[in-house]
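The values are calculated or read from the model by the stated rules, or taken from the named source; none is laboratory data. As the structure is a computational prediction, the values presented were derived from the model and not from experiment. Heads up, the Cβs are rebuilt from the backbone with ideal geometry, glycines too, and the neighbour counts pull from every protein chain shown. Surface accessibility is based on the protein's heavy atoms, side chains included, excluding ligands, DNA and RNA. Shrake-Rupley method; radii C 1.70, N 1.55, O 1.52, S 1.80 Å.
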Amino acid sequence: RRMPLAAILDRLAPILRTLTREVATLQLAIDLPPGAETTVAVEHVEQVVLNLCLNARDAITAPGTIEVRAAAAGDSLVIEVRDDGCGMTPEIVARIWEPYFTTKPHGNGIGLATVRAIVDDAHGQIDVDSRPGGGTTFTVHLPRA
């Protein structure tokens with residue numbers, strides 16, 4: 001089942017606001033052509049965005065901001081999740097895709113591994129930019145339908 005990416009993000013927005021409201025302001029910036037869809041199933045797109053936003057929430061130690069941006073770029077739809085949280089060292093970034101690796105006291109280490117598996121299965125791409133004290137940005141490129 002497919003639906004336009006903008007509709008998926010609009011549908012997900014109230015859930016994300018509820019999950020992040022105690023620590024972060026959620027900002028959505030959706031700049032997509034009408035009807036822009038990805039080949040990725042709706043549930044998988046939701047899982048990717050949800051997992052990235054939950055990680056962003058957990059990285060913020062004081063009131064902060066989580067930005068979710070979506071745009072079209074060539075043959076891809078790009079979703080960017082940015083936070084102004086604690087950031088990660090290069091050593092941690094090198095391990096974030098490993099199943100069961102976590103830096104959280106109550107984490108299980110499957111969130112980012114799941115994100116990576118979904119993106120890889122879709123023949124997409126995911127990049128991370130992070131530095132200690134400087135927040136983190138995940139950029140996901142998913143194929144357009």
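Structure data summary
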| item | result |
| --- | --- |
| Among (1) of a type in the set (A, V, I, L, M, F, W, C); (2) free of Cβ contacts under 8 Å to residues at least 60 places away in the same chain; (3) buried (at least 16 other Cβ atoms within 10 Å of the Cβ) - the single one ILE110 does not satisfy | (3) |
| Residue match in region 15-24 (condition: of a type in the set (Val, Ile, Thr), closer than 27 Å to TRP97 by Cβ and in contact with a Cys (Cβ under 8 Å, 6 or more places away or on another chain)) | yes |
| Pick from region 113-130, criterion open to solvent by 40 Å² or more (accessible area, probe 1.4 Å) and either within 13 Å of the chain's Cα centre (by Cα) or modelled with pLDDT under 95 (or both), ranking: farthest from LEU12 (Cα to Cα) | ASP129 |
| Residue match in region 27-46 (condition: closer than 28 Å to PRO132 by Cα, at pLDDT 95 or above and in contact with a Gly (Cβ under 8 Å, 6 or more places away or on another chain)) | no |
| Which numbered condition LEU16 fails, given (1) under 19 Å from VAL115 (Cβ atoms); (2) open to solvent by less than 40 Å² (accessible area, probe 1.4 Å); (3) assigned to a strand (DSSP E or B); (4) not charged (D, E, K, R) | (3) |
| Region 96-136, residues that are assigned to a loop (DSSP other than H, G, I, E, B), out of contact with any strand residue (DSSP E or B) (no Cβ under 8 Å at 6 or more places or on another chain) and among the hydrophobic types (A, V, I, L, M, F, W, C) | TRP97, PHE101, ILE110 |
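Quick grid of which residues meet (1) surrounded by fewer than 15 Cβ atoms within 10 Å (Cβ to Cβ); (2) not small (Gly, Ala, Ser):
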{"residue": "ILE66", "(1), (2)": "no, yes"}
{"residue": "ALA70", "(1), (2)": "no, no"}
{"residue": "GLY74", "(1), (2)": "yes, no"}
{"residue": "VAL78", "(1), (2)": "no, yes"}
{"residue": "PRO105", "(1), (2)": "yes, yes"}
